[in-house]
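What follows is one structure encoded as structure tokens, with my remarks underneath.
The values are calculated or read from the model by the stated rules, or taken from the named source; none is laboratory data. From a predicted model like this one, the values you see are computed outputs, not experimental measurements. Because the Cβ atoms are built from the backbone with ideal geometry, glycine has one as well, and the counts that use them run over all protein chains shown.
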Amino acid sequence: MSEVASKGLEGVVIAESAICSIDGQKGILRYRGIDIADLAPHTTYEETAYLLWFDELPARKQLDEFRARLAEQRELHDSVWNMLTSFPCWPQPMEALRTAVSALSSCDPNAGDETPEANLNKAMYLTAKLPTIVAYYWRHSNGRERVHPDPQLGHAANFLYMLRGEPPSPLEERAFDMAMVLMAEHEMNASTFAARVTASTLSDMYSAITSAIGTLKGPLHGGANARAMEMLLEIGDVGRVEGYVTEALAGKKRIMGFGHRIYKTTDPRAVVLRGMLCEMDAQSENPHWCNLALNVAETVHAKKGLYPNVDFFSAPLLYSLGIPTELFTPIFAMSRIVGWTAQVMEQYKDNRLIRPLSRYVGREDRPYVPIEERHE
Ligand code: ACO
């Protein structure tokens with residue numbers, strides 16, 4: 001047994017995986033061997049899902065069939081919708097998503113079947129329905145009618161349509177699709193690890209994904225994107241950046257959207273998202289976010305040597321699309337679902353129970369003292 005605990009499991013390899021690789025020194029991220037700097041500008045979310053699940057880029061006919069299969073499964077079963085709308089108090093969107101995913105298995109005809117084919121069907125079922133849950137729940141909790149999915153629209157465009165009630169412009173669709181692609185997978189991050197631990201007990205995919213959603217929610221992980229946006233809104237103006245960053249660092253506050261366990265340079269996802277944000281901003285009537293975000297990134301780097309991660313530039317990009325900050329982390333979850341499910345299926349393929357150790361540092365050899373003999 002190792003004498004030294006690796007706090008936060010830093011540097012510990014817990015699995016062999018053929019899904020995703022990261023070079024944290026050079027800032028390179030690859031999905032199934034393809035650099036995301038090459039993939040993201042050309043692909044779509046559906047094509048990326050296919051790549052992650054099947055380890056191949058689909059031919060045209062395969063992609064068309066795959067897209068159609070996903071699109072036809074978008075609608076939510078009435079029993080899940082009724083459950084979502086019957087909470088006595090309103091949960092936050094991420095809590096609603098976590099609960100809905102747990103309940104989805106009850107209506108999935110593949111639930112209970114643990115064959116690889118059934119698990120792939122579950123992955124599709126979840127991927128198709130997560131955006132519907134997020135959009136429906138948001139509209140409902142804001143007193144608005146649901147907008148049902150449009151099977152003619154792509155996965156990303158359909159979500160914006162269900163959320164806002166009108167289809168996005170081509171630029172908005174491209175920006176959102178790209179953001180979803182960049183959030184789709186990221187090796188052995190905390191939520192993926194949680195999913196794999198659950199799957200390693202041979203529990204079902206719904207339980208694994210529920211674990212992952214609960215883990216993504218935390219502010220040190222996926223929850224950072226909403227907080228990064230709150231920070232940008234609070235700063236508001238380029239003239240306030242220096243003062244804000246100096247004060248935050250002096251107060252030992254964590255600056256959300258900066259730093260990463262693996263990347264020792266700019267997160268490559270942030271590079272692509274930064275380009276997209278600035279392209280959108282350049283076409284907007286009131287360009288604002290690109291300049292402000294670049295300024296914050298430069299200042300944080302100059303003062304603390306930290307680089308932006310995926311959450312920093314995805315936040316103003318989603319905000320520019322009219323998406324409320326409360327939905328940023330649920331959108332991360334509905335993007336990451338293809339990565340989580342790919343990782344869960346890989347875990348099942350060559351499973352061994354994940355059961356690490358802890359090093360005991362508590363008191364040793366204590367006798368049991370009867371309650372009559374104990375003192376306050
Ligand atoms: N702001 C200020 N200081 C920071 C930040 C930050 N964002 N990130 C790291 N540091 C500092 C820490 O205070 C610590 O300093 P110290 O040694 O003087 O105490 C040092 O850098 C190391 O920090 P750790 O937390 O040990 O590094 P770790 O690898 O565990 O942290 C993490 C990675 C959690 C992402 C961290 O950088 C952080 O808290 N960032 C802000 C939250 C965030 O953006 N999370 C999203 C990450 S991407 C994703 O999950 C999708």
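Quick one: would you say Ser358 is of a type in the set (S, T, N, Q) and surrounded by 15 or more Cβ atoms within 10 Å (Cβ to Cβ)?
no
Is it fair to say Phe313 is in contact with a Leu (Cβ under 9 Å, 6 or more places away or on another chain) and over 18 Å from Pro93 (Cβ atoms)?
yes
Of the residues Asp281, Asp267, which single one is touching a Gly at 6+ places or on another chain (Cβ under 8 Å) and among the acidic types (Asp, Glu)?
None of the other options fit; the residue is Asp267.
For (1) hydrophobic (A, V, I, L, M, F, W, C); (2) under 30 Å from Ala199 (Cα atoms); (3) touching a residue at least 60 places away in the same chain (Cβ under 8 Å), each residue gets a yes or a no:
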residue: Gly257; (1), (2), (3): no, yes, no
residue: Asp267; (1), (2), (3): no, yes, yes
residue: Met276; (1), (2), (3): yes, no, yes
residue: His288; (1), (2), (3): no, no, no
residue: Thr329; (1), (2), (3): no, yes, yes
residue: Met334; (1), (2), (3): yes, yes, yes
residue: Ala342; (1), (2), (3): yes, yes, yes
residue: Tyr348; (1), (2), (3): no, yes, yes
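Of these, Phe328, Phe312, which one is touching a strand residue (DSSP E or B) at 6+ places or on another chain (Cβ under 8 Å) and part of a helix (DSSP H, G or I)?
One residue alone meets the criteria, Phe312.
Exactly one of (1) away from the ligand (no atom under 12 Å from the Cβ); (2) more than 17 Å from Arg336 (Cα to Cα) is unmet by Leu249. Its number?
(1)
Return yes or no: is Lys252 charged (D, E, K, R), under 24 Å from the mean Cα position of the chain (by Cα) and outside any helix (DSSP H, G or I)?
Judged against the criteria, Lys252 is not a match.
Of all residues in the range 262-285, which are assigned to a loop (DSSP other than H, G, I, E, B) and surrounded by fewer than 14 Cβ atoms within 10 Å (Cβ to Cβ)?
Matches in the range 262-285: Lys264, Gln283, Ser284, Glu285.
Just one of Leu153, Leu126, Leu160 is crowded, with 17+ Cβ neighbours inside 10 Å and within 20 Å of Ile209 (Cα to Cα); which is it?
Result of the check over Leu153, Leu126, Leu160: Leu126.
Tally time: how many residues in the range 104-132 are under 24 Å from Tyr45 (Cβ atoms) and part of a helix (DSSP H, G or I)?
Qualifying residue count, the range 104-132: 20.
Considering every residue within the range 305-317, establish whether at least one is more than 10 Å from the ligand (Cβ to nearest atom), surrounded by fewer than 24 Cβ atoms within 10 Å (Cβ to Cβ) and over 21 Å from Ala190 (Cβ atoms).
no
Taking Leu70, is it in contact with a helix residue (DSSP H, G or I) (Cβ under 6 Å, 6 or more places away or on another chain), surrounded by fewer than 19 Cβ atoms within 10 Å (Cβ to Cβ) and at pLDDT 95 or above?
no
Which of the residues belonging to the range 286-304 are in a helix (DSSP H, G or I), more than 10 Å from the ligand (Cβ to nearest atom) and within 17 Å of Gly239 (Cβ to Cβ)?
Correct list: Trp289, Cys290, Asn291, Leu292, Ala293, Leu294, Asn295, Val296, Ala297, Glu298, Thr299, Ala302.
Taking only the range 252-270 into account, find how many residues are more than 10 Å from the ligand (Cβ to nearest atom) and at pLDDT 95 or above.
Qualifying residue count for the region: 1.
Among the helices (runs of 4 or more DSSP H) confined wholly to the range 178-236, which include 2 or more residues that are closer than 23 Å to Gly11 by Cα, within 14 Å of the ligand (Cβ to nearest atom) and touching a residue at least 12 places away in the same chain (Cβ under 8 Å)?
190-200, 205-216
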